[in-house]
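Chemist: Before anything else, here's the structure in question.
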Amino acid sequence: MKLTTSEYHGLFSERGSGISEAETLKRFFWLWTIKEAYTKALGLGLGFAFRRVEYDIGENVVRVDKEIALGWRFTKFMLTDENDLYQGVVAEYIGGATIEIIDEMGSRNCVSPWKAVPFVETVLHELDDGE
């Protein structure tokens, strides 16, 4: 993944100022998941140059081509599964002249974890009912 200069400095220059390795890793995953969520919402995925998307953790803002990504909502969430921790982001274009970055870490209502087989069975059943 290509980091912007600002992202790189935000991750590595603060290491000397008391930010733990675990916090640095968590910040890296926020950078990655926001970039990935945005490009997937565009329908481009990894075909979009990640360096064009910048997440400024300090200011809590997303920029695309150095401009604030107005009209977008980014919902950050974390899930735990036994001893594993997962970070994720949902990116939605909602229109308008603002940007929203929502922190849903304290809410269990934003995302429901599913096991793969029951999820597929539920979806297939719902699709059959729709015909």
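The values are calculated or read from the model by the stated rules, or taken from the named source; none is laboratory data. Nothing here was measured: the structure is a model prediction, and the numbers come from that model. No Cβ is skipped: glycine too gets one built from the backbone with ideal geometry, and neighbour counts run over all protein chains shown. Side chains included, ligands, DNA and RNA excluded: accessible areas come from the protein's heavy atoms. Shrake-Rupley method; radii C 1.70, N 1.55, O 1.52, S 1.80 Å.
Chemist: If you roll a 1.4 angstrom probe over the protein chains with everything in place, what fraction of the accessible area of the chain belongs to carbon and sulfur, to the nearest %?
Modeler: Summing carbon and sulfur atoms, their accessible area is 53 percent of the total for the chain.
Chemist: If you split all Cα-Cα distances of the chain into 10 Å bins from zero, what percentages do you get per bin, shortest first?
Modeler: 11, 35, 33, 16, 4, 1
Chemist: Given a 1.4 angstrom probe, what's the average accessible area per residue across the chain, in square angstrom?
Modeler: Numbers: 8690 Å² over 131 residues.
So the chain comes to 66 Å² accessible per residue, rounded to a whole number.
Chemist: Sticking with this one: Gaussian network model of the chain, Cα springs within a sub-10 Å range: biggest mean-square fluctuation belongs to which of GLY88, GLY58, GLY18?
Modeler: Evaluated over the chain, the most mobile residue of the options is GLY18.
Chemist: Now for a separate question. Does a label point 7 Å from the Cα of LYS66, set along Cα-to-beta-carbon, have any residues of the stretch 3-42 with amide nitrogen under 13 Å, and which are they?
Modeler: Residues 5-6 fall inside that zone.
Chemist: Can you pull out the GluC sites (Glu not before Pro) in the stretch 26-91 that DSSP calls coil and that have at most 16 other Cβ atoms within 10 Å?
Modeler: In loop regions of the stretch 26-91 (DSSP not H, G, I, E or B), the sparsely surrounded GluC sites (Glu not before Pro) are GLU59, GLU82.
Chemist: Among the trypsin sites (Lys or Arg not before Pro) within the stretch 1-71, which fall in a DSSP loop and have no more than 16 other Cβ atoms within 10 Å of their own Cβ?
Modeler: For trypsin sites (Lys or Arg not before Pro) across the stretch 1-71 that sit outside H, G, I, E and B with at most 16 neighbouring Cβ atoms in 10 Å, the list reads LYS2, LYS66.
Chemist: Given springs between every Cα pair under 10 Å in a Gaussian network model of the chain, which of VAL117, VAL61, VAL90 has the largest fluctuation?
Modeler: For the chain, modelled as a Gaussian network with Cα springs under 10 Å, the answer is VAL117.
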